[in-house]
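Asker: Before I ask anything, here is the structure I am working with.
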Amino acid sequence: MFDDLRDLYQEVILDHGRKPRNFRRLENADRSARGDNPMCGDRMGLFLKLTPDGHIADAAFQGRGCAISMASASLMTETVKGKTAAEAEELGTRFRGLAMTGTCPDCGTGLADEMERLQPLSGVHEYPSRVKCATLAWHTLNAALEGTPGEERMASSE
Ligand code: ZN
């Protein structure tokens, strides 16, 4: 990777890790889930508001953990807003591939802008123990989407 691109990615992760976006509890959330990554000690609660036709109207999280887990959750909540549940799950599938391999063969087809926003975390594939930090938010998102209103689901990145 070019050094200036690596620096830019590093800057995005540090910025989102220090000042996570959408870091709050959502009152009257339609879906919620807790995520736990015992390998690193990352924990988060995720809250979603859904529209009647199944779009994600709002997404927010609270928690504590390493910079990568917080940056990933911050970027995830920004990226899935306005998406359908199916699109959000597709983004999660691609993101997990990106985090594990550093590449995303499908990323040119649909949702390309969204995947570009998630690229700063692609570098974690070089540090296998940190992949779970990056994917925790997306596991937690899936748990929340698969849940029912009023139910709080648990997700683990293991
Ligand atoms: Zn972590």
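Asker: If you take the beta carbon distance between Arg64 and Arg117 as r and set R0 to 25 Å, what does 1/(1 + (r/R0)^6) give as a FRET efficiency, to the nearest 0.05? Don't skip to the end; give the middle numbers.
Answerer: On the way: r = 23 Å, r/R0 = 0.94.
It comes to 0.60.
Asker: Treat each spin label as a single point 7 Å out from the Cα along the C-beta direction, and report the Lys19 to Glu152 distance in nm.
Answerer: The answer from the label model is 3.0 nm.
Asker: Let me ask you something else. With axes computed from alpha carbons, what is the tilt in degrees of helix 85-101 against the longest principal axis of the chain, rounded to the nearest 10 within 0 to 90?
Answerer: Helix 85-101 sits at roughly 30 degrees to that axis.
Asker: Next up: At a 4.7 angstrom Cβ threshold, list every cysteine in the chain that has nobody to pair with, or say none.
Answerer: Cys40, Cys66, Cys133
Asker: Which whole-number percent is the relative contact order of region 1-65 (Cα, under 8 Å, 6+ apart)?
Answerer: Working: 87 pairs, mean separation 18.4, N = 65.
Reported as a whole number, the value is 28 percent.
Asker: Another one. Using a basic spin-label model with each label point 7 Å from the Cα along Cα→Cβ, how many nm lie between Asp4 and Thr103?
Answerer: The answer from the label model is 2.5 nm.
Asker: Further, regarding this structure: State, to one decimal in nm, how far the label point of Asp53 lies from the label point of Ala86, with both points 7 Å from Cα in the Cβ direction.
Answerer: 1.3 nm
Asker: Using a cut-off of 18 Å between alpha-carbon atoms, which lysines can reach Lys83, once sequence neighbours fewer than 8 places away in the same chain are excluded?
Answerer: Result set, ordered by chain and number: Lys49.
Asker: Another question, if that's okay. Using 1/(1 + (r/R0)^6) with R0 = 41 angstrom and r between the beta carbons of Tyr127 and Glu27, what's the FRET efficiency to the nearest 0.05? It would help to have the intermediate numbers written out before the result.
Answerer: Numbers: r = 37 Å, r/R0 = 0.89.
With R0 = 41 Å, the Cβ-Cβ based efficiency is 0.65.
Asker: Amide H neighbours of Arg153 under 5 Å, counting only residues 5+ apart in sequence or on other chains, H built in-plane at 1.01 Å?
Answerer: Here Ser32, Ala33, Arg34 satisfy the definition.
Asker: Three principal axis extents, largest first, for the C-alpha atoms of region 65-158, in Å?
Answerer: Cα extents, longest axis first: 38, 30, 18 Å.
Asker: Could you check how many percent of all C-alpha pairs in the chain are farther apart than 29 Å?
Answerer: 11 percent
Asker: Another one. Going by average Cβ density within 10 Å per residue, which order do the peptides 71-84, 31-44 take, highest to lowest? Write out the running numbers ahead of the final one.
Answerer: Values: 71-84: 22.6, 31-44: 20.0.
Most protected by this proxy first, the peptides run 71-84, 31-44.
Asker: What ³J(HN,Hα) values, in whole Hz, does the Karplus curve 6.51 cos²θ - 1.76 cosθ + 1.60 give for region 12-17 when θ = phi - 60°, with x put for Gly and Pro?
Answerer: 4, 5, 5, 4, 5, x
Only the coordinates and a few stated rules stand behind these numbers; no lab work does. Everything quoted here is computed from the prediction, not taken from an experiment. Don't worry about glycine lacking a Cβ; one is built from the backbone with ideal geometry, like all the others, and counts go over all protein chains shown.
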